[in-house]
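The values are calculated or read from the model by the stated rules, or taken from the named source; none is laboratory data. Note that the coordinates shown come from a computational prediction; the quantities given were computed from them, not determined experimentally. Neighbour counts run over all protein chains shown; Cβ positions are idealised from the backbone, glycine included.
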Ligand SMILES: Cc1ncc(COP(=O)(O)O)c(C=O)c1O
């Protein structure tokens, strides 16, 4: 069977990006965010490659289900998994999973901490704490730091396995954006309080891609042991255009589809659902991709490129097909049965598509549905 639309995942580029991060901060450890099916790239193959070829030993998932899948499918390999958001600690049966499958919940409220501290089976279990330093999503309240430290001490806990916080504005300047500055110093204060209280912090981390790109939270500078990159490992930058970055990643994915049919059209001739009129004489290429693949109707109006011609997604995107309108100069150049690259063909095309469609690269990646096979390339 020949797949028409596919996401080609270039593992050499993934290795390049990880090595770039290691070069930025040779002493930092990497906790690789692999949630949402490896940001749509395929969590299992990406995880296996990262462990066996790149020496990554720690991964971040969002849900217990993702973590369990990673553990089961890569059972023969040695690595740690953190569950960051949907930890489901309130369901008793999950305690067994955490304990037996060596998965670590990241605790972000006091009742979860109480549960861990009061459950005998978790007596020696590593404690990972995430503080809300300004993101206002999940996270322990900074004002509860003394209370938390007391609770740990009362239960004979003298160390925290990993102390975590997360930036809300890492795409903005880390030194200029007020909330970034507050978050950084708040995390420093929390770390100090723990240490001054005699609690050892085995691992600490705060920086995701945008911060890492700006050299914030590198071990050499901040003393944090870990970085938690997600997007940058898959290639795109996550900082705003006006912010100075120190990372130039290689896009890991190429989204390819196939031209099912081409036909010439006259100005005003209508195409597809809702009969959208063509703006001028030109050429229509029908691509074998649609919202059934995670390529949405709201992408209509965005530009795509083929053989040097600029086309535009015209009219309503169908479930399995998309109409691209090209100027008449493309007639006899663009042909049926050709492979058509949506992103990953030329530098910057993903960012351009993402800004035209008012999406973010995170969203474009994660939107791709299982009907688009992930195909792995390694030289
Ligand atoms: C807690 C946490 N750390 C790190 C990351 C990685 O972020 P990014 O993909 O921007 O590097 C995420 C992603 O959302 C996250 O939730």
Would you check if there is a residue in region 220-233 being outside the structural domain of residue 306 (by TED's automatic domain parsing), touching a strand residue (DSSP E or B) at 6+ places or on another chain (Cβ under 9 Å) and free of Cβ contacts under 8 Å to residues at least 60 places away in the same chain? yes
Is region 71-82 home to any residue that is touching a residue at least 12 places away in the same chain (Cβ under 8 Å), touching a strand residue (DSSP E or B) at 6+ places or on another chain (Cβ under 9 Å) and over 21 Å from residue 225 (Cα atoms)? yes
On the given criteria, is residue 134 part of a loop (DSSP other than H, G, I, E, B), in contact (Cβ under 8 Å) with a residue 40 or more places away in the chain and at positive phi? yes
When you scan region 103-110, do you find a residue that is within 14 Å of the ligand (Cβ to nearest atom), crowded, with 16+ Cβ neighbours inside 10 Å and in a loop (DSSP other than H, G, I, E, B), even just one? yes
Count of region 111-152 residues which are within 14 Å of the ligand (Cβ to nearest atom) and surrounded by 19 or more Cβ atoms within 10 Å (Cβ to Cβ): 9
Every residue from region 207-219 that is near the ligand (Cβ under 9 Å from one of its atoms) and touching a strand residue (DSSP E or B) at 6+ places or on another chain (Cβ under 9 Å): 207, 208, 209, 211, 212
Counting only residues that are within 26 Å of residue 210 (Cα to Cα) and out of contact with any strand residue (DSSP E or B) (no Cβ under 9 Å at 6 or more places or on another chain), which one in region 362-379 is farthest from the ligand (Cβ to nearest atom)? 367
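Let me confirm something: among 333, 337, 323, which residue is touching a residue at least 24 places away in the same chain (Cβ under 8 Å) and at positive phi?
337
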Taking into account only those residues within region 83-97 that are part of a loop (DSSP other than H, G, I, E, B) and in contact with a strand residue (DSSP E or B) (Cβ under 7 Å, 6 or more places away or on another chain), which is farthest from the ligand (Cβ to nearest atom)? 89
Going through region 44-65 in order, the residues found to be surrounded by 23 or more Cβ atoms within 10 Å (Cβ to Cβ) and either within 14 Å of the ligand (Cβ to nearest atom) or over 19 Å from residue 9 (Cβ atoms) (or both) are 46, 59, 60, 61
Do we have any residue at all in region 304-312 that's surrounded by fewer than 18 Cβ atoms within 10 Å (Cβ to Cβ), under 30 Å from the mean Cα position of the chain (by Cα) and within 15 Å of the ligand (Cβ to nearest atom)? no
Within the bounds of region 257-270, is there any residue that is touching a strand residue (DSSP E or B) at 6+ places or on another chain (Cβ under 8 Å) and within 16 Å of the ligand (Cβ to nearest atom)? no
Restricting to region 61-86, name every residue that is in contact with a helix residue (DSSP H, G or I) (Cβ under 6 Å, 6 or more places away or on another chain) and under 17 Å from residue 139 (Cα atoms). 61, 62, 83
Just to be sure before I move on: is residue 162 without any contact (Cβ under 8 Å) to a residue 60 or more places away in the chain and surrounded by 16 or more Cβ atoms within 10 Å (Cβ to Cβ) in the structure I sent? no
